[in-house]
Amino acid sequence: MESQANLTCQNLPTIFSSFVDTFVDFSVSGGLFLPPPITPKPQNPLQTIFPSPTRLIAIGDIHGDFQKSKESFKLAGLIDDHDKWCGGSTTVVQIGDVLDRGGEELKILYFLEKLKREAAKVNGNLITMNGNHEIMNVDGDFRYVTKEGLKEFQDWAMWYSVGIDMKKFCTELGEKGCVKDLFEGIPLEFRGVRPEYFEGIRIRIAALRPKGPISERFLSKNQTVVVVGDSVFVHGGLLPKHVDYGFENVNEEVRDWICGLKGRVSRDLVRGKDSIVWLRRFSNELAKDCDCSTLEHVLATIPGAKRMIMGHTIQESGINGVCGNQAIRIDVGMSKGCANGLPEVLEIDRYKGLRILTSNPLYQNGKEASLDAKPKDGLGFLLPELGPKQVEVKA
């Protein structure tokens, strides 16, 4: 009996951890069962350069709006009516800013992880990126967190804590120090914050700080700069100093910081108005206010790059291109916590070129056209200051 009891004690942490992960995935993300996560080894470099796929989809900022997130994937024909991947070998880039402004952040993180697994089985690829709001949350900057967002993390923490408590039943594990207090080093209260929010803030700090269970599981797998074929993806924008620093170096430094393997990343990379995730020099809605000469120089220093695709700055007129379409801006403010805009995604097809797929009823004219078409072609619509907006409408 004693040997059987020891065996149970030894197996309990693994068995229960698997159960809690599966249950939490189901309860938090609206019915998504996932196997236990496979945590990448920190020393393995994140892939930064990807070959040109036959079909590439870019999705902008989604800020805690699970429904709009799913609508974006459906708009591009990437998920079916059961929210399962049906996009085949398509490559998808989600440009960052999953966190903040909404109450379904964890649902989206688990959902994207599920889709990554499903896509990989059929040679598809879903690339997720860091936006400024991911960086802010790892830093403990919660200026844009909602009450609903705090509640979602509290629900998650309840089940996470159950798992930790069960692991502590194993004395041997406790003696080896394998069970870590989720709230270690986090204060009980915060100056200037109403007491009813203390618990939610403590949980959010614990989950998202460097080496936190949510930041390490999800955000550490995000890239900060990606090149897919002839397109450079970045949340805010790139300056010459960022290119000189090296994209692989950027991705690995941010990842290692999130995993708790190094101190804070340089302000030039992820903090400040001229950093990679905050830059707005190429995203002003008026083309005349965009720094096209710097953009042209940056792209010229990246082998094979034709365009930079970015989010971060809401485009009230929808997805558009400036600087001769060398800058394509895809943040349409779709989250109900932002502008509650209608979902739009960018498609880059090897044979059809660049197109905007939109749910906007103003463009329900059945036309299919290229973003690169000229106004004289008579395709699509002419938007002030921005040039033509050609779309394919998905009902």
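The values are calculated or read from the model by the stated rules, or taken from the named source; none is laboratory data. Just so it is clear, the structure is predicted and the values come from calculations on it, not from any experiment. Cβ placement follows ideal geometry from the backbone for every residue including glycine, while neighbour counts extend to all protein chains displayed. Ligands, DNA and RNA are excluded from the accessible area calculation, which covers all protein heavy atoms including side chains. Shrake-Rupley method; radii C 1.70, N 1.55, O 1.52, S 1.80 Å.
Looking at LEU112, LEU106, can you tell me which residue is assigned to a helix (DSSP H, G or I) and over 17 Å from TYR144 (Cβ atoms)? Explain how you work it out, then say what you get.
Values: LEU106 fails: over 17 Å from TYR144 (Cβ atoms).
From the options LEU112, LEU106, the qualifying one is LEU112.
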Among the residues of segment 66-75, is there at least one that is within 22 Å of GLN154 (Cβ to Cβ), modelled with pLDDT of 95 or more and open to solvent by 10 Å² or more (accessible area, probe 1.4 Å)? yes
For residues in segment 266-306 being among the aliphatic types (A, V, I, L, M) and assigned to a loop (DSSP other than H, G, I, E, B), which is surrounded by the most Cβ atoms within 10 Å (Cβ to Cβ)? ILE276
Out of ASP377, ASP349, sole residue that is surrounded by fewer than 23 Cβ atoms within 10 Å (Cβ to Cβ) and either modelled with pLDDT of 95 or more or among the hydroxyl-bearing types (Ser, Thr, Tyr) (or both): ASP349
Near pairs, Cβ below 6 angstrom, 6+ apart or cross-chain, from segment 135-160 (within 23 Å of ARG191 (Cα to Cα) and open to solvent by 70 Å² or more (accessible area, probe 1.4 Å)) to any residue that is of a type outside the set (Ser, Thr, Tyr) and not in a helix (DSSP H, G or I): TYR144/ASP100; TYR144/ARG101; GLU148/GLY103
The condition from (1) more than 20 Å from GLN94 (Cβ to Cβ); (2) out of contact with any Lys or Arg (no Cβ under 7 Å at 6 or more places or on another chain); (3) surrounded by fewer than 23 Cβ atoms within 10 Å (Cβ to Cβ) that GLY333 misses is numbered (1)
